[in-house]
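Input: a single structure, listed below in C-alpha coordinates.
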Amino acid sequence: GYLGRNCFDSAIALFEEMKEKEYNPDYLTITNVLSACASLGLLEKGEEVHIFALEKGLTSSAHVTTALIEMNAKCGRILSSLQVFYKSQVMDIYGWNAMISGLALHGQASAAFKLFDDMKGKGLRPDDITFIGLLSACSHSGLVHKGLELFSSMEKKCAVNPKLEHYGCIVDLLGRAGFLCHAFQLIESMPFEPGKSIVGALLGACVIYRDTEIGEKVVKLLLKRNGSLTDGEYMMVANLYASCKNLEEANRWMNMMNASGIT
(Lines give C-alpha, C1' and ligand atoms only; values in the text may rest on other atoms or scores of the structure.)
Protein backbone atom coordinates (compact mmCIF):
# COMPACT_ATOMS: atom_id res chain seq x y z
CA GLY A 1 0.00 0.00 0.00
CA TYR A 2 2.78 2.42 0.84
CA LEU A 3 4.64 1.54 -2.34
CA GLY A 4 1.52 2.18 -4.39
CA ARG A 5 1.39 5.73 -3.01
CA ASN A 6 5.15 6.28 -3.32
CA CYS A 7 5.49 6.42 0.48
CA PHE A 8 8.83 4.62 0.36
CA ASP A 9 10.12 5.83 3.74
CA SER A 10 6.95 4.56 5.39
CA ALA A 11 7.32 1.16 3.72
CA ILE A 12 10.86 0.81 5.09
CA ALA A 13 9.82 2.02 8.55
CA LEU A 14 6.98 -0.51 8.64
CA PHE A 15 9.44 -3.26 7.70
CA GLU A 16 11.68 -2.27 10.63
CA GLU A 17 8.66 -2.30 12.96
CA MET A 18 7.72 -5.71 11.63
CA LYS A 19 11.16 -7.04 12.57
CA GLU A 20 11.01 -5.47 16.02
CA LYS A 21 7.71 -7.22 16.72
CA GLU A 22 9.26 -10.48 15.50
CA TYR A 23 6.88 -11.09 12.64
CA ASN A 24 8.49 -13.22 9.98
CA PRO A 25 8.76 -11.40 6.61
CA ASP A 26 8.28 -13.48 3.48
CA TYR A 27 9.74 -13.06 0.01
CA LEU A 28 7.06 -10.50 -0.93
CA THR A 29 7.99 -8.36 2.06
CA ILE A 30 11.65 -8.37 1.01
CA THR A 31 10.74 -7.65 -2.61
CA ASN A 32 8.70 -4.60 -1.65
CA VAL A 33 11.28 -3.21 0.78
CA LEU A 34 14.05 -3.57 -1.82
CA SER A 35 11.86 -1.71 -4.30
CA ALA A 36 11.43 1.09 -1.76
CA CYS A 37 15.21 1.25 -1.26
CA ALA A 38 15.72 1.38 -5.03
CA SER A 39 13.25 4.24 -5.41
CA LEU A 40 15.04 6.27 -2.72
CA GLY A 41 18.56 5.31 -3.84
CA LEU A 42 19.30 3.83 -0.39
CA LEU A 43 22.07 1.40 -1.30
CA GLU A 44 23.26 0.85 2.29
CA LYS A 45 19.75 0.03 3.49
CA GLY A 46 19.22 -2.20 0.45
CA GLU A 47 22.38 -4.14 1.26
CA GLU A 48 21.19 -4.48 4.86
CA VAL A 49 17.90 -5.92 3.62
CA HIS A 50 19.84 -8.28 1.33
CA ILE A 51 21.86 -9.61 4.27
CA PHE A 52 18.68 -10.07 6.29
CA ALA A 53 17.10 -11.99 3.41
CA LEU A 54 20.17 -14.23 3.18
CA GLU A 55 19.96 -14.99 6.91
CA LYS A 56 16.28 -15.86 6.61
CA GLY A 57 16.75 -17.97 3.48
CA LEU A 58 14.56 -15.71 1.33
CA THR A 59 16.93 -15.07 -1.58
CA SER A 60 15.93 -18.19 -3.49
CA SER A 61 12.83 -16.40 -4.76
CA ALA A 62 12.89 -15.09 -8.32
CA HIS A 63 10.98 -12.04 -7.07
CA VAL A 64 13.73 -11.18 -4.59
CA THR A 65 16.41 -11.76 -7.21
CA THR A 66 14.70 -9.33 -9.59
CA ALA A 67 14.32 -6.74 -6.82
CA LEU A 68 18.02 -7.05 -5.95
CA ILE A 69 19.02 -6.55 -9.57
CA GLU A 70 16.84 -3.44 -9.84
CA MET A 71 17.96 -2.03 -6.48
CA ASN A 72 21.66 -2.32 -7.26
CA ALA A 73 21.26 -0.93 -10.77
CA LYS A 74 19.23 2.09 -9.63
CA CYS A 75 21.76 2.76 -6.86
CA GLY A 76 24.65 2.81 -9.34
CA ARG A 77 25.99 -0.69 -8.63
CA ILE A 78 25.59 -2.36 -12.02
CA LEU A 79 28.39 -4.85 -11.31
CA SER A 80 26.56 -6.01 -8.18
CA SER A 81 23.42 -6.43 -10.32
CA LEU A 82 25.37 -8.63 -12.71
CA GLN A 83 26.73 -10.70 -9.83
CA VAL A 84 23.23 -11.31 -8.50
CA PHE A 85 22.00 -12.13 -12.00
CA TYR A 86 24.68 -14.69 -12.85
CA LYS A 87 24.67 -16.33 -9.41
CA SER A 88 20.90 -16.83 -9.36
CA GLN A 89 19.50 -20.30 -9.97
CA VAL A 90 15.90 -19.12 -10.26
CA MET A 91 16.00 -16.57 -13.07
CA ASP A 92 12.75 -15.89 -14.94
CA ILE A 93 11.76 -13.37 -17.63
CA TYR A 94 11.37 -10.62 -15.01
CA GLY A 95 14.96 -11.06 -13.88
CA TRP A 96 16.26 -10.95 -17.45
CA ASN A 97 14.21 -7.81 -18.09
CA ALA A 98 15.51 -6.18 -14.91
CA MET A 99 19.10 -6.86 -15.93
CA ILE A 100 18.57 -5.57 -19.46
CA SER A 101 16.93 -2.42 -18.09
CA GLY A 102 19.76 -1.97 -15.59
CA LEU A 103 22.38 -2.16 -18.33
CA ALA A 104 20.34 0.31 -20.39
CA LEU A 105 20.24 2.71 -17.45
CA HIS A 106 24.02 2.62 -17.29
CA GLY A 107 24.46 3.19 -21.02
CA GLN A 108 25.73 -0.33 -21.72
CA ALA A 109 23.73 -1.01 -24.85
CA SER A 110 26.06 -3.69 -26.25
CA ALA A 111 25.83 -5.72 -23.04
CA ALA A 112 22.05 -5.30 -22.99
CA PHE A 113 21.72 -6.66 -26.54
CA LYS A 114 24.09 -9.53 -25.78
CA LEU A 115 21.89 -10.45 -22.84
CA PHE A 116 18.88 -10.24 -25.14
CA ASP A 117 20.50 -12.74 -27.51
CA ASP A 118 21.39 -15.03 -24.59
CA MET A 119 17.80 -14.85 -23.35
CA LYS A 120 16.42 -15.89 -26.74
CA GLY A 121 19.06 -18.63 -26.94
CA LYS A 122 17.66 -20.11 -23.73
CA GLY A 123 14.19 -20.26 -25.26
CA LEU A 124 12.73 -17.34 -23.30
CA ARG A 125 10.26 -15.22 -25.24
CA PRO A 126 10.80 -11.44 -24.92
CA ASP A 127 7.82 -9.36 -23.84
CA ASP A 128 6.91 -5.68 -23.96
CA ILE A 129 9.11 -4.88 -20.92
CA THR A 130 12.10 -6.46 -22.64
CA PHE A 131 11.71 -4.10 -25.57
CA ILE A 132 11.28 -1.04 -23.35
CA GLY A 133 14.67 -1.88 -21.82
CA LEU A 134 16.33 -2.39 -25.20
CA LEU A 135 14.85 0.77 -26.71
CA SER A 136 15.97 2.72 -23.65
CA ALA A 137 19.46 1.32 -24.16
CA CYS A 138 19.41 2.61 -27.73
CA SER A 139 18.22 6.01 -26.53
CA HIS A 140 20.92 6.37 -23.88
CA SER A 141 23.62 5.29 -26.35
CA GLY A 142 22.39 7.22 -29.40
CA LEU A 143 21.79 4.08 -31.47
CA VAL A 144 19.12 5.55 -33.74
CA HIS A 145 19.27 3.00 -36.56
CA LYS A 146 19.41 0.08 -34.11
CA GLY A 147 16.44 1.44 -32.17
CA LEU A 148 14.28 2.02 -35.23
CA GLU A 149 15.15 -1.42 -36.56
CA LEU A 150 14.24 -3.01 -33.24
CA PHE A 151 10.99 -1.06 -33.02
CA SER A 152 9.88 -2.19 -36.48
CA SER A 153 10.77 -5.83 -35.75
CA MET A 154 8.90 -6.12 -32.44
CA GLU A 155 5.61 -7.17 -33.92
CA LYS A 156 6.97 -8.96 -36.98
CA LYS A 157 9.58 -11.15 -35.30
CA CYS A 158 8.43 -11.40 -31.69
CA ALA A 159 4.65 -10.85 -31.86
CA VAL A 160 4.88 -7.95 -29.39
CA ASN A 161 2.56 -5.07 -30.22
CA PRO A 162 4.15 -1.64 -29.61
CA LYS A 163 2.55 0.20 -26.71
CA LEU A 164 2.60 3.83 -25.67
CA GLU A 165 5.82 3.29 -23.71
CA HIS A 166 7.61 1.95 -26.80
CA TYR A 167 6.55 4.94 -28.86
CA GLY A 168 7.77 7.15 -26.03
CA CYS A 169 11.19 5.48 -26.17
CA ILE A 170 11.44 6.13 -29.91
CA VAL A 171 10.40 9.78 -29.53
CA ASP A 172 13.07 10.12 -26.84
CA LEU A 173 15.64 8.39 -29.06
CA LEU A 174 14.92 10.65 -32.03
CA GLY A 175 14.76 13.76 -29.85
CA ARG A 176 18.09 13.08 -28.16
CA ALA A 177 19.72 12.53 -31.57
CA GLY A 178 18.30 15.76 -33.00
CA PHE A 179 15.77 14.20 -35.38
CA LEU A 180 13.05 16.48 -34.10
CA CYS A 181 10.92 16.56 -37.24
CA HIS A 182 10.79 12.76 -37.35
CA ALA A 183 9.96 12.64 -33.65
CA PHE A 184 7.07 15.07 -34.10
CA GLN A 185 5.75 13.12 -37.08
CA LEU A 186 5.82 9.95 -34.99
CA ILE A 187 3.80 11.66 -32.24
CA GLU A 188 1.22 12.76 -34.79
CA SER A 189 0.93 9.27 -36.26
CA MET A 190 0.77 7.37 -32.96
CA PRO A 191 -2.28 5.13 -32.52
CA PHE A 192 -2.41 6.34 -28.90
CA GLU A 193 -2.97 9.70 -27.27
CA PRO A 194 0.60 10.79 -26.44
CA GLY A 195 1.20 11.39 -22.77
CA LYS A 196 2.41 14.74 -21.52
CA SER A 197 5.78 13.22 -20.67
CA ILE A 198 6.36 12.21 -24.30
CA VAL A 199 5.41 15.61 -25.72
CA GLY A 200 7.30 17.37 -22.93
CA ALA A 201 10.44 15.35 -23.71
CA LEU A 202 10.30 16.50 -27.33
CA LEU A 203 9.84 20.11 -26.21
CA GLY A 204 12.94 19.71 -24.05
CA ALA A 205 14.87 18.41 -27.07
CA CYS A 206 13.74 21.46 -29.05
CA VAL A 207 15.32 23.66 -26.38
CA ILE A 208 18.59 21.73 -26.57
CA TYR A 209 18.73 21.95 -30.37
CA ARG A 210 17.24 25.48 -30.52
CA ASP A 211 14.52 24.42 -32.95
CA THR A 212 11.72 26.97 -32.65
CA GLU A 213 9.84 25.61 -35.67
CA ILE A 214 9.21 22.18 -34.16
CA GLY A 215 8.98 23.73 -30.70
CA GLU A 216 6.05 25.91 -31.73
CA LYS A 217 4.29 22.88 -33.23
CA VAL A 218 4.77 21.00 -29.96
CA VAL A 219 3.33 23.92 -27.99
CA LYS A 220 0.27 24.02 -30.25
CA LEU A 221 -0.18 20.28 -29.71
CA LEU A 222 0.06 20.70 -25.92
CA LEU A 223 -2.43 23.56 -25.92
CA LYS A 224 -4.81 21.68 -28.20
CA ARG A 225 -4.85 18.57 -26.05
CA ASN A 226 -4.44 20.02 -22.56
CA GLY A 227 -5.83 23.55 -22.89
CA SER A 228 -2.90 25.06 -21.02
CA LEU A 229 0.77 24.59 -20.15
CA THR A 230 2.39 23.63 -16.87
CA ASP A 231 4.93 25.89 -15.21
CA GLY A 232 7.75 23.67 -16.48
CA GLU A 233 6.43 23.84 -20.04
CA TYR A 234 6.14 27.64 -19.88
CA MET A 235 9.75 27.79 -18.72
CA MET A 236 10.92 25.49 -21.50
CA VAL A 237 9.21 27.62 -24.16
CA ALA A 238 10.74 30.78 -22.67
CA ASN A 239 14.16 29.09 -22.59
CA LEU A 240 13.72 27.97 -26.19
CA TYR A 241 13.26 31.53 -27.41
CA ALA A 242 15.99 32.85 -25.13
CA SER A 243 18.45 30.29 -26.52
CA CYS A 244 17.63 31.57 -30.00
CA LYS A 245 18.26 35.20 -28.90
CA ASN A 246 14.57 36.05 -29.22
CA LEU A 247 14.34 37.78 -25.86
CA GLU A 248 11.12 39.58 -26.71
CA GLU A 249 9.26 36.30 -27.25
CA ALA A 250 10.95 34.75 -24.21
CA ASN A 251 9.71 37.62 -22.03
CA ARG A 252 6.24 37.30 -23.54
CA TRP A 253 6.02 33.66 -22.45
CA MET A 254 7.34 34.51 -19.00
CA ASN A 255 4.64 37.16 -18.69
CA MET A 256 2.03 34.66 -19.84
CA MET A 257 3.20 32.27 -17.13
CA ASN A 258 2.95 35.00 -14.49
CA ALA A 259 -0.48 36.04 -15.73
CA SER A 260 -1.71 32.46 -15.42
CA GLY A 261 -0.94 32.58 -11.72
CA ILE A 262 1.99 30.15 -11.89
CA THR A 263 5.03 31.16 -9.80
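The values are calculated or read from the model by the stated rules, or taken from the named source; none is laboratory data. Predicted model, so just to flag it, every value in this text is computed and none were measured. Heads up, the Cβs are rebuilt from the backbone with ideal geometry, glycines too, and the neighbour counts pull from every protein chain shown. Quick note on the areas: whole protein, heavy atoms, side chains included, nothing else; ligands and nucleic acids left out. Shrake-Rupley method; radii C 1.70, N 1.55, O 1.52, S 1.80 Å.
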**Request:** Find the relative contact order for segment 12-78 and round it to a whole percent, using C-alpha pairs within less than 8 Å whose residues are 6+ positions apart.
**Result:** 38
**Item:** Cα gyration tensor, segment 175-263 - rounded (a/c under 1.5), prolate or oblate
**Value:** oblate
**Prompt:** Do the sum for the chain: with -39,500 (n - 2.57) for every DSSP H run of n ≥ 4, divided by all residues, what is the mean residue ellipticity at 222 nm, to the nearest 500 deg cm²/dmol?
**Reply:** -24000 deg cm²/dmol
**Complete:** Rounded to one decimal in Å, the inverse mean reciprocal Cα-Cα distance for segment 22-127, i.e. its Kirkwood radius, is 13.8
**Message:** Using only the alpha-carbon atoms, how far is helix 43-55 inclined from the longest principal axis of the chain? Give it as 0 to 90 degrees, nearest 10.
**Reply:** 30
**Request:** Against the globular-protein guess of 2.2 N^0.38 Å, express the Cα radius of gyration of the chain as a ratio, rounded to two decimals.
**Result:** 1.19
**Prompt:** Sorted by packing (mean other beta-carbon atoms within 10 Å per residue), highest first, where do 133-143, 80-90 land?
**Reply:** 133-143, 80-90
**Asked** Can you pull the percent of segment 1-137's accessible area that's carbon plus sulfur, 1.4 Å probe, other chains left in place?
**Response** 51
**Request:** List the lysines whose Cα lies under 18 Å from the Cα of K220, skipping any in the same chain that are fewer than 8 positions away.
**Result:** K196
**Prompt:** How much FRET efficiency would the formula 1/(1 + (r/R0)^6) give for K122 and L79, where r is the Cβ-Cβ distance and R0 is 22 Å, rounded to 0.05?
**Reply:** 0.50
**Request:** Over the chain, calculate the relative contact order: mean separation of alpha carbon pairs under 8 Å at least 6 apart, over the residue count, as a percent.
**Result:** 9
**Fill in**
Taking the reciprocal of mean 1/r across every pair of different Cα atoms in segment 217-263, the Kirkwood radius in Å is 10.7
**Label-point gap, in nm, between E20 and R210 - each point 7 angstrom along Cα→Cβ** = 5.8
**Request:** Note the angle between two axes, namely the Cα long axis of helix 212-226 and the longest principal axis of the Cα atoms of the chain, as a number of degrees from 0 to 90, rounded to the nearest 10.
**Result:** 70
**Message:** Explain nothing, just the number: relative contact order of segment 37-129, from Cα pairs under 8 Å at least 6 residues apart, as a whole percent.
**Reply:** 23
**Prompt:** Any idea of the accessible area per residue across the chain, 1.4 Å probe, to the nearest Å²?
**Reply:** 53
